Amino acid sequence: MNILQRYFVDKEYWLDEQVVIKGDDYHHIVNVMRMRVGDEVICNHPDKEAYLCSIDRIDQQAIYLNKINRMTDQVELPVDITLIQGLPKGDKLEWIVQKSTELGVKKIIPLNTARSVVKWDIKKQAKKIDRLKKIAKEASEQSHRTDQPIIESLMTIKQLSAQIEEFDHLFVAYEETTRQIKTDKLYTYLENIKPGQSVAIVIGPEGGLTEEEIEQLYAAQFKAVRLGPRILRTETAPLYFLSVMSLLFEES
């Protein structure tokens, strides 16, 4: 059985019995996938609902699809996870966004830290965020999610500290917990998390977080956790955490 293509469609294009697809997804369906009238796809509504749809008509700039039935599969993590990622070098952030999306992350916040080698030009930030949003959308479609992650604007730890009330659990992956600080194992912290709750985890860039930044996070009620006994790269750490969360809440 062929795996159906999945597309996120803005709310304005949802009609009573039909869905309209335009823009890049139109190009993908017509020119890349070469679909025809009668072919089926899955359309995701912004309210996290998904519908099996059949192509009814293809115009010059729009595709009209008939809704067949609502999909009932549950593919989203039962815990809302926000990844707060220190800016890494090169295009690593794009890779992190893609893979974290595949693993079910709810939100990603790029974090400007003292040891971030990369510094975003203020004038180009909007373009970078748009690029990350596109990557998240494509990864959500590829992994057959019914929701796509929110990509926030670049923040500092001070700005982040002003938003902590929206989270039920706050963690920071701090490599010193692996080397010298006595701490409980990760599961000790995770066993207190319940389905439906929200979790935020801070991952530092290459070189990690400074002691001053850690103190700021401690003051904001973040708890230091270790992600296993080994030191992980900045692009590996979020995938470790998300995989553990999937094991605990989806595969246990």
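Here are a few things to note about the model shown:
- Whole-Hz Karplus values for the stretch 76-92 come out as 8, 4, x, 10, 7, 10, 9, 9, 9, 10, x, 4, x, 6, x, 9, 4 Hz, taken residue by residue from phi with 6.51 cos²θ - 1.76 cosθ + 1.60 and θ = phi - 60°; glycine and proline positions read x.
- The mean accessible area for residues of the stretch 63-177, using a 1.4 Å probe and ignoring ligands and nucleic acids, is 49 Å² per residue.
- DSSP assigns beta bridges within the chain; of those with both partners inside it, close to 40 percent run antiparallel.
- Trypsin sites (Lys or Arg not before Pro) within the stretch 192-252, DSSP loop, no more than 12 other Cβ atoms inside 10 Å: R230, R233
- When the residues I3, I151 are ordered by accessible surface, computed with a 1.4 Å probe over the protein chains alone, the sequence from largest down reads I3, I151.
- Value of relative contact order over the stretch 1-117, rounded to a whole percent, pairs C-alpha under 8 Å and six or more apart: 20
- Whole-Å distance, taken between Cα centres, linking the stretch 178-252 and the stretch 21-58: 39
- Efficiency of FRET between T156 and L15 - r from beta-carbon atoms, R0 30 angstrom, step 0.05: 0.10
- Length gained on full extension, V117 to V30, computed as 0.36 nm times the residue gap minus the Cα-Cα distance: 27.1 nm.
- Placed amide H near K89: partners under 5 Å, 5+ positions off or other chain: E206
- When DSSP beta bridges are restricted to pairs lying wholly in the stretch 1-110, around 70% turn out antiparallel.
- For the stretch 1-106, GluC sites (Glu not before Pro) meeting the loop criterion (DSSP other than H, G, I, E, B) and having at most 16 other Cβ atoms within 10 Å: E17, E49, E76.
- In the chain, the portion of solvent-accessible area held by carbon and sulfur atoms comes to 46 percent [1.4 Å probe, whole percent, DNA, RNA and ligands not counted].
- Shape call, the stretch 84-174: gyration tensor on alpha carbons, a/c limit 1.5: oblate
- For Q197, nonlocal amide neighbours, meaning residues 5 or more places apart or on other chains whose placed amide H falls under 5 Å from its own, are D80.
- Unsatisfied cross-links (Cα-Cα over 21 Å) in the set K48/K92; K22/K67; K48/K223: K48/K92; K48/K223
- Computed over the chain, Cα set: Rg, Dmax in Å: 20.2, 64
- Each Cα pair under 8 Å and six or more residues apart adds its sequence gap; the mean of these over the residue count of the chain is a relative contact order of 20 percent.
- Per-residue Karplus couplings for the stretch 222-236, computed as 6.51 cos²θ - 1.76 cosθ + 1.60 with θ equal to phi - 60°, are listed in order as 6, 10, 6, 10, 10, 9, x, x, 10, 7, 9, 5, 4, 7, 8 Hz, Gly and Pro entered as x.
- Between R6 and I42, the built amide H atoms are under 5 Å apart, and every one of these is 5 or more places off in sequence or on another chain.
- Accessible surface, 1.4 Å probe, highest first, among residues V30, V19, V75, V37: V37, V75, V30, V19
- Coupling constants for the stretch 21-35 follow from the phi torsions by the Karplus curve (6.51 cos²θ - 1.76 cosθ + 1.60, θ = phi - 60°), and in residue order they are 10, 9, x, 4, 5, 4, 4, 5, 5, 7, 9, 8, 7, 6, 6 Hz; glycine and proline get x.
- Extension gain for Q142-E206 works out to 20.2 nm (0.36 nm per residue, less the C-alpha to C-alpha distance).
The values are calculated or read from the model by the stated rules, or taken from the named source; none is laboratory data. Because the structure is a prediction, the values reported are computed rather than measured. Virtual Cβ from ideal backbone geometry, glycine too; neighbours counted across all protein chains shown. With ligands, DNA and RNA removed, areas are computed over all heavy atoms of the protein, side chains included. Shrake-Rupley method; radii C 1.70, N 1.55, O 1.52, S 1.80 Å.
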